[in-house]
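Readers should treat all values here as calculations from the given coordinates under stated rules, not as data from a laboratory. Since this is a predicted model, take the numbers as computed values, not measurements. Quick reminder, even Gly has a Cβ in these numbers, built from the backbone with ideal geometry, and neighbours come from all protein chains shown.
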Amino acid sequence: MKRLVLVTSVLMGLSLVVALSPVSSQTAKPQPLTLALQCPGGDCPLLKGAPQTAGMRSGYVRLKPGETVGWHTTGKNEETLVILTGRGEARLEGQPARAFSAPALVYIPPAMKHNVANTGKGILEYVYVVAPAQGAH
């Protein structure tokens, strides 16, 4: 039940942000939406950026024990991970790994190379949200 409340809160928050985000007059205005968190694979896109949103992207990730998403960077974008179930660690280049367990939130600043690993014995599930960082244009 706690997970359902957390997932509903995350999706409502994402819908509110999408509805309130400024949009160029040359593109269709993003509309509020609700998405089910269903992911048959390991990484499933949810919000895909313009024209669906004003620049925000998100997805739902499921990692088996021992799996990682792989080292990457989101460039000039900042990223937030909303940890729904499981345990893991955020591996940040040049810094010690940061352990977390659900429910949790992990923030990753722009241009930081990082990886997410499932260090637990069960499935690690999280939603990531990537958005343009102010002043990073």
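The table below lists the values:
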| item | result |
| --- | --- |
| Inter-probe distance in nm under a simple model that places probes 7 Å from Cα toward Cβ, at Thr80 and Glu93 | 2.5 |
| Aspartates and glutamates whose Cα lies under 15 Å from that of Lys121, excluding same-chain neighbours fewer than 8 positions away | Glu67, Glu89 |
